[in-house]
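Here's the structure we're looking at; comments come further down.
The values are calculated or read from the model by the stated rules, or taken from the named source; none is laboratory data. From a predicted model like this one, the values you see are computed outputs, not experimental measurements. FYI the Cβ positions are ideal-geometry reconstructions off the backbone, even for glycines, and counts take in every protein chain you see. Please note that ligands, DNA and RNA were not included when accessible areas were found on the heavy atoms of the full protein model with its side chains. Shrake-Rupley method; radii C 1.70, N 1.55, O 1.52, S 1.80 Å.
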Amino acid sequence: MPTLLHLRGLRFFFYSNENIEPAHVHVIKGRASGKFWLEPTVELAYLVGFSKAEEKDINNIVQMHSENFKIKWHEYFEK
């Protein structure tokens, strides 16, 4: 499970067996979790257990790092 980013107690990652799906990133903090699609566009799949402020922060982080997340996804699965 490659970790892409640790920031503000959040861990952004993807599972190593998920290459049958479009590029995406998971996020966890404690028992809260979420998923964002990265392709074809950045889109929220779900967020569960986060406060509204955390949801906004997570969305901003994903938007800011989406290109890097996509690069890491493709590097990992296209080796």
In nm, the gap between the two label points placed 7 Å beyond Cα toward Cβ at His6 and Ser33 is 2.0
DSSP loop (so not H, G, I, E, B), at most 15 other Cβ within 10 Å: list which chymotrypsin sites (Phe, Trp or Tyr not before Pro) in the chain pass both filters.
-> Tyr15
Expressed as a whole percentage, what fraction of the accessible surface of the chain belongs to carbon and sulfur atoms when a 1.4 Å probe is rolled over the protein heavy atoms?
-> 52
Suppose R0 equals 22 Å; then what is the FRET efficiency for Ser51 and Ile71 from their Cβ-Cβ distance, rounded to the nearest 0.05?
-> 0.15
Computed [θ] at 222 nm, deg cm²/dmol, the chain (DSSP H ≥ 4; -39,500 (n - 2.57); rounded to nearest 500) = -11500 deg cm²/dmol
Can you work out the FRET efficiency for the pair Ser16 and Leu44, with r the C-beta to C-beta distance and R0 = 22 Å, to the nearest 0.05?
-> 0.45
Positive dipole terminus of the range 15-79, leading residue within Ile58, Leu38, Asn19 (C-beta point charges) = Ile58
Ignoring ligands, DNA and RNA, what accessible area per residue does the chain give at 1.4 Å, in Å²?
-> 61
Nearby aspartates and glutamates by direct alpha-carbon distance to Lys29 (threshold 14 angstrom, same-chain neighbours under 8 apart not counted) = Glu54, Glu55, Asp57
